[in-house]
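To start, the structure under review is shown below, and the notes come after it.
The values are calculated or read from the model by the stated rules, or taken from the named source; none is laboratory data. Note that the structure is a prediction, hence the values are computed from the model and not measured. Cβ placement follows ideal geometry from the backbone for every residue including glycine, while neighbour counts extend to all protein chains displayed. When the accessible area is computed, the model is the full protein with side chains, heavy atoms only, and any ligands, DNA or RNA have been set aside. Shrake-Rupley method; radii C 1.70, N 1.55, O 1.52, S 1.80 Å.
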Amino acid sequence: MDLSIVVPIYNVESYLEACLSSIEPILSNENVELILVNDGSKDGSEDICYKYIDKTTNNKQQTTNNKHRTPNIKYIYQDNQGLSEARNTGIKNSNGKYIVFIDSDDFINCQVLLDFLSKDDIDMPDVVFLNAVKYDKGSVSYFGEDYQPEKILNQSKVEVLKGLCRFRKFPGSAWNKIIKRELIIKEKLFFEKGIYSEDIEWSMRLFNAATTFSYLDGCYYYYRQGRKDSITGTVSEKSIKSLLYILEKNAEMEFNRDISSYLYSFLSYEYLVLLFIMTSKNIECDADIKRRAYHLRFMLLKSNKLIYKMIFPIITLLGVDITGRILKAIRGNI
């Protein structure tokens, strides 16, 4: 088994069929397995999964020796434990050399994964970066990640991370990467339970642990916008506390000296996001949260980006509230 596709599912009946249909063409490949983890859905998601499995199983693929086989699909139901545990269940039940995560309200261009499977086994990097776009009612838009192959292919870890720091946003999503399963198991790269922004926490550990990287061209991932019930699209007290916790946790990490400034650049980006969302109208941050956020400003000085370092004295002088409002006013220019 070369590739395990892990799809966590929770109350996504309006989008699940499109997600699964986008994966279906690759299931004729005998080296691919699909792992559907239903995290206690209360809507019609389970029925959609059963119908999809029946349809895909009945639509047998004929091989050159006239034998038939059914696609390798695993369906797992568990009581609701959250996105992190659903992904972790998928990892523990996977058999592929590589794992890719797909959120069940999004969809993919599976040709990119087929291109990956056609590559020589000699080149087996820890992480393969993939392109993503925002998808909103039929239109697509730029995602803020502009991978340049020459800055990733055949480059050292230091050069790769240096190149990623050019991005306008931190490439911290789990679903735009193919990851070697052996690395995940060896480094215990499971997702932390009970927090929002779990991808950021996980990606920081991934970047610290991985040593080799690659890239696949082509538009692969379609990240759906406009979901009213989406956690990522809603600012809450838990989302602020989760991001604050992730930043504090990483602030205490001992990063290798040659990559430290790049990882702190990623953290600095998320730190500015924290200040930005703390100014949301429906949120009233208490004094403790503001104090902890103010303390973390030191991360900006450890970044390799001058613009982040320039924000440090502004926070020191004006505090997190006013700085957050300034960031909101100039959003998109940092």
TODO: Please give the per residue accessible area of the chain, computed with a probe of 1.4 Å over protein heavy atoms only, in Å².
DONE: 48 Å²
Open item on the list: Suppose accessible area is computed on protein heavy atoms with a 1.4 Å probe; arrange T211, T57 from highest to lowest.
Closed with: T211, T57
TODO: DSSP loop (so not H, G, I, E, B), at most 14 other Cβ within 10 Å: list which trypsin sites (Lys or Arg not before Pro) in region 255-302 pass both filters.
DONE: R257, K281
- [ ] Quick one: Debye curve from the alpha-carbon atoms of the chain only, equal weights, vacuum; give me log10 I(q)/I(0) at q = 0.07, 0.12, 0.15 Å⁻¹ to two decimals.
- [x] -0.30, -0.88, -1.34
Task: Stretch gain in nm, segment R331-K309, where the contour uses 0.36 nm per residue and the Cα spacing is subtracted - done: 6.2 nm
TODO: Report the paramagnetic label zone for E284: residues of region 293-334 whose backbone N is under 18 Å from a point 7 Å from Cα along the Cα-to-Cβ axis.
DONE: 321-322
Task: Unit charges at the beta carbon, dipole of the chain: most positive-side option, I326, T211, N131 - done: I326
Open item on the list: Of P313, L274, Y223, which is farthest towards the positive pole of region 221-319's charge dipole, taken about the Cα centre with +1 and -1 on the beta-carbons of Lys, Arg and Asp, Glu respectively?
Closed with: Y223
TODO: May I ask you to rank S260, S242 by accessible area, largest first, using a 1.4 Å probe over the protein chains only?
DONE: S260, S242
Task: Cβ-Cβ FRET estimate between F298 and K55, R0 fixed at 56 Å, reported to 0.05 - done: 0.55
TODO: For E13 paired with F167, estimate the spin-label separation in nm (one decimal), with each label point 7 Å from Cα along the Cα-to-Cβ line.
DONE: 3.5 nm
Task: Sparse-neighbour loop sites [trypsin sites (Lys or Arg not before Pro); region 137-167; at most 13 other C-beta within 10 Å; DSSP] - done: K137, R166
TODO: List, in the order given, every pair from K42/K328; K180/K238; K42/K241; K51/K169; K42/K193; K193/K305 whose Cα-Cα distance in the structure shown is over 29 Å.
DONE: K42/K328; K180/K238; K51/K169; K193/K305
Open item on the list: Residues of region 41-57 with backbone nitrogen within less than 20 Å of a virtual label 7 Å along the Cα-to-Cβ line of Q81, please, listed as ranges.
Closed with: 41-43, 46
Task: Relative contact order %, the chain, counting alpha carbon pairs below 8 Å whose residues are six or more apart - done: 17 percent
Open item on the list: If the elastic network links every pair of Cα atoms under 10 Å, which of E198, E182, E85 fluctuates the most in the Gaussian network model of the chain?
Closed with: E182
Open item on the list: Can you work out the Karplus-derived ³J(HN,Hα) for every residue in region 124-131? Use 6.51 cos²θ - 1.76 cosθ + 1.60 with θ = phi - 60°, whole Hz, and x for glycine or proline.
Closed with: 10, x, 6, 9, 10, 7, 10, 7
Task: Amide hydrogen neighbours beyond the local backbone of N72, cut-off 5 Å, H modeled - done: L34
TODO: For region 36-42, just list the computed ³J(HN,Hα) in residue order, Karplus coefficients 6.51, -1.76 and 1.60, θ = phi - 60°, integers in Hz, with x standing in for Gly and Pro.
DONE: 9, 10, 7, 8, x, 4, 9
TODO: Mind grabbing the accessible area of I48 for me, 1.4 Å probe, Å², rounded to tens?
DONE: 40 Å²
TODO: Would you give the gap between the C-alpha center of region 1-30 and the C-alpha center of region 189-266, rounded to a whole Å?
DONE: 23 Å
- [ ] For the chain, with a Gaussian network of springs between Cα atoms less than 10 Å apart, report the residue from S139, S104, S173 with the top mean-square fluctuation.
- [x] S139
